[in-house]
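As structure tokens, the structure follows; a few thoughts come after it.
Please treat every number below as a calculation from the coordinates, not as lab data. This structure is a prediction, so every number in the text was calculated from the model and none was measured. Please note: Cβ atoms are built from the backbone with ideal geometry, for glycine as well, and neighbour counts cover all protein chains shown.
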Amino acid sequence: MRLILFGPPGAGKGTQAVRITQKYATAHISTGDMLRAAVKNGTELGQLAKSYMDKGELVPDGVVIGIIKDRIGENDAKSGFMLDGFPRTVPQAEALSEMLNSTGASIDAVVSIEVNDEEIVKRILERQKIEGREDDTEDVVRNRLKVYRNQTEPLKSYYAEEGVLHEVDGMGSIDDVFGKIDSVLADLRA
Ligand code: AMP
């Protein structure tokens, strides 16, 4: 199964991704986690990425596309994967389609977790207290949300046209939301 987990920052993608990978044994590929690891290791990529991440801006398409291309070519991702935080722009989505088309593969489902802006800011400020992420401050969160609404959300129509978009209400408990995602994925396998 090849999935994209979609939604604004703070929608619970990371939390749901863990549950999904446990149940469906698929490779969890998070560009945010990969970029944070590069920042932590002080690599050249990390230094470049940090200048964007600190402001809540997107890292340039060419950079993240390169990362994803390498990652989905690895063995554990050959039979399926779940992308978390990628694609975030139309050029990223187009690059992904091209990569998959070249091997005859395609995306089976895009699960979009829907949460309103007020709840997002509330959740992210809570997460900041626990995880201390540098880009979880109120100003940066508001910018990340703006970037999401302007550059990323339009991708929903791209995937709706391909007939693979599934919107899930993300306002309930972690279990409730997982239940809804699970029923979408179970239907796909049926
Ligand atoms: P996330 O953990 O998915 O919220 O990502 C944290 C930050 O990493 C984002 O605010 C961006 O600066 C950067 N990032 C992660 N994924 C992407 C992507 N697909 N395209 C561009 N920037 C990204």
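Taking 14 Å as the straight-line reach from the Cα of residue 180, the aspartates and glutamates in range (excluding those fewer than 8 positions away in the same chain) are 114, 167, 169. Other residues whose C-beta falls under 12 angstrom from the C-beta of residue 26 contribute a net charge of +2, scoring Lys and Arg +1 and Asp and Glu -1. Model label sites at residue 102 and residue 43, defined 7 Å from Cα along the beta-carbon direction, differ in position by 2.0 nm. Normalised by residue number, the volume inside the convex hull of the Cα atoms of the stretch 2-180 is 115 Å³ per residue.
Which stretch or stretches of the stretch 1-16 have amide N atoms under 19 Å from the point lying 7 Å from residue 153's Cα along the Cα→Cβ direction? Of the residues in the stretch 1-16, 5-13 have backbone N under 19 Å from the label point off residue 153.
Note on residue 25 and residue 169: their simple-model spin labels are 3.4 nm apart, each label 7 Å out from Cα toward Cβ. Applying the criteria of a DSSP loop state and at most 14 other Cβ atoms within 10 Å to the trypsin sites (Lys or Arg not before Pro) of the stretch 65-124 yields 78.
The local environment of residue 106, defined by Cβ-Cβ distances under 9 Å, has a net charge of -1 under the rule Lys, Arg +1 and Asp, Glu -1.
For the residue pairs 23/69; 69/146; 23/146, the C-alpha atoms sit more than 29 angstrom apart in 23/146.
Let me check I've understood the local charge: for residue 16, count other residues with C-beta under 12 angstrom from its C-beta, Lys and Arg +1, Asp and Glu -1. What total comes out? With Lys, Arg at +1 and Asp, Glu at -1, the neighbours total 0.
With 0.36 nm allotted per residue and the present C-alpha distance subtracted, the residue 160-residue 142 stretch has 3.8 nm of extension available.
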